[in-house]
Every structure is written in C-alpha cells, then in structure tokens.
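Visitor: A single structure is presented below for examination.
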Amino acid sequence: MIQVSAIVLIWGYVLTFLYLTARTARRSGKRVWLFSKGRERQALPAILFRAAFVLGCFLPLVSSWMAQGWAEEFTVPLKVSASLSVIGLVLMAIGAGIAVYAQWHMGNSWRIRAGDGMQGSIVSDGPFAYSRNPVFVGQIALFSGLAVVYPNIAQTTALLVIVVAAMRQVRVEERVLARDLGRGYVDYLQTVRRWL
C-alpha cells in the first residue's frame, strides 16, 4: 500500500506541475517553457531534470511489477521497515506539497528555465520568504522520500540527478534574474537563503 501511494504521489505531482505550468502560460499569455531562450547554457540541467523525473515516475512502476531477475538490485526495492517507508511517504507528500504550493504562489512569474528578458516579477513572499528556490527544495524532498520508499541504486541515482540539476539550474537562474530584475533581485539574494 505504501509503494502504491508513493507511485500515486510522484505521478500526481508531475501531472499537477504540468497542469499549473499550462495554466500559467494560458493566463499570462506568455511562454513559460524557456528551454532555448537566452544566452545562458541550460541544456544539461534540462536533460538532468527530465532524466530524474522519468526515473522517478517509471522505476517505481517497474519495481512494483518486477519479479526476481537480473536487474533486481537496480530496480526492486530492498526490504525496509514499515515505519521507515511511512517516513519516506510523508517526506514525499511534504515535498510535493511545498513544490506545488510554491509553483502556484509564483502565479504569472512562473517559468521553466531562465530566458533573458522573459522573467516575471520578483516573488519574495510566501514560501519565497524562506527559500529562494522552494520548488526545487520540494522536488528534492519528494525524491528523497521516494528513495526511502524504494531504496535501490536506480532511485538513489534519480535523487542525485535531481540534486545536481537543481544546483546547476539555480546558478543560471540567479545570473539571469540579477541581470533582468536588477537591484531588487540582488537585495533579495542577500536577504533570503538559496535553499533553507
């Protein structure tokens, strides 16, 4: 039951992320998928995020359906205590909640990647008063919980991939936002922590 709940949570998060992104694009009338915009290189973080979410969504399905086989150590979860699995599931729910709330809170400023001259306004209240990157913090918590529910090499790899992707993307976004939004964003950088 815990593993099924974990699958529902990861898929529910991804579908909510896509829905909120499409809704923002429709409501704002602006592009929000900025993969090819701007002069900053963002291809590697984009590939890493995609890989992490594909692994995060599909490996639990494979793990749940796979019987004994050659790939067992990579995809079939090790036995963990029920209480540890519950902790992982709670961490997943908290992470998904934080990420969804932060994305929703950004409203029309929501963007995927950073494109020069295509940023919204500075969002510095709500979850952004505590972290400059609460969406990434939530996603990392989501994947951390998933790695607890499915403790195997593949899911741990997905967690590491999303951490690296977030770290690389944040550096790019901060440079672009500082150029585009100026002194107000630089002040925000100095008053709110990057992560927590």
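The values are calculated or read from the model by the stated rules, or taken from the named source; none is laboratory data. Just so you know, these numbers come straight off a predicted model, no measurement behind them. In this analysis, Cβ positions are derived from the backbone assuming ideal geometry, glycine residues included, and neighbour counts consider all displayed protein chains. Remember, those area values only see protein heavy atoms, side chains included, never the ligands or the DNA or RNA. Shrake-Rupley method; radii C 1.70, N 1.55, O 1.52, S 1.80 Å.
Visitor: Taking all protein chains as present, what is the carbon and sulfur share of the accessible area of the chain, in % to the nearest whole number, probe 1.4 Å?
Guide: That share works out to 66 percent.
Visitor: Just read off the accessible area of Ser63 with the full protein assembly in place, 1.4 Å probe, to the nearest 10 Å².
Guide: Roll a 1.4 Å probe over it and Ser63 shows about 10 Å².
Visitor: While we're on this one: Could you tell me the accessible area of Arg194 in Å² (1.4 Å probe, neighbours in place), rounded to the nearest ten?
Guide: 80
Visitor: For the chain, what size does the Cα cloud have along each of its three principal axes, sorted from largest down, in whole Å?
Guide: Rounded to whole Å, the extents work out to 56, 30, 30 Å.
Visitor: Let me check something: with ligands and nucleic acids excluded, how do Trp104, Trp33, Trp65 order by accessible area (1.4 Å probe), largest to smallest?
Guide: Order by accessible area, largest first: Trp65, Trp104, Trp33.
Visitor: Which of the DSSP-defined H helices in the chain satisfy a minimum axial length of 27 Å, computed from C-alpha atoms, and a minimum mean Kyte-Doolittle hydropathy of 0.0?
Guide: 2-28, 43-65, 82-106, 153-181
Visitor: Go through Ala178, Gly97, Phe58 and say which Cα lies farthest out towards the positive end of the charge dipole of the chain; charges sit on Cβ, +1 for Lys and Arg, -1 for Asp and Glu.
Guide: Going by the Cα projections, it comes out as Ala178.
Visitor: So if R0 is 35 Å, what FRET efficiency would Val186 and Arg27 give, r being the distance between their Cβ atoms, rounded to the nearest 0.05?
Guide: 0.80
Visitor: Taking only protein heavy atoms and a 1.4 Å probe, what accessible area per residue, in Å², does the chain have with all protein chains in place?
Guide: 52
Visitor: Taking R0 as 25 Å, what FRET efficiency do you get between Val90 and Arg193 from their Cβ-Cβ distance, rounded to the nearest 0.05?
Guide: Between Val90 and Arg193 the formula returns 0.60.
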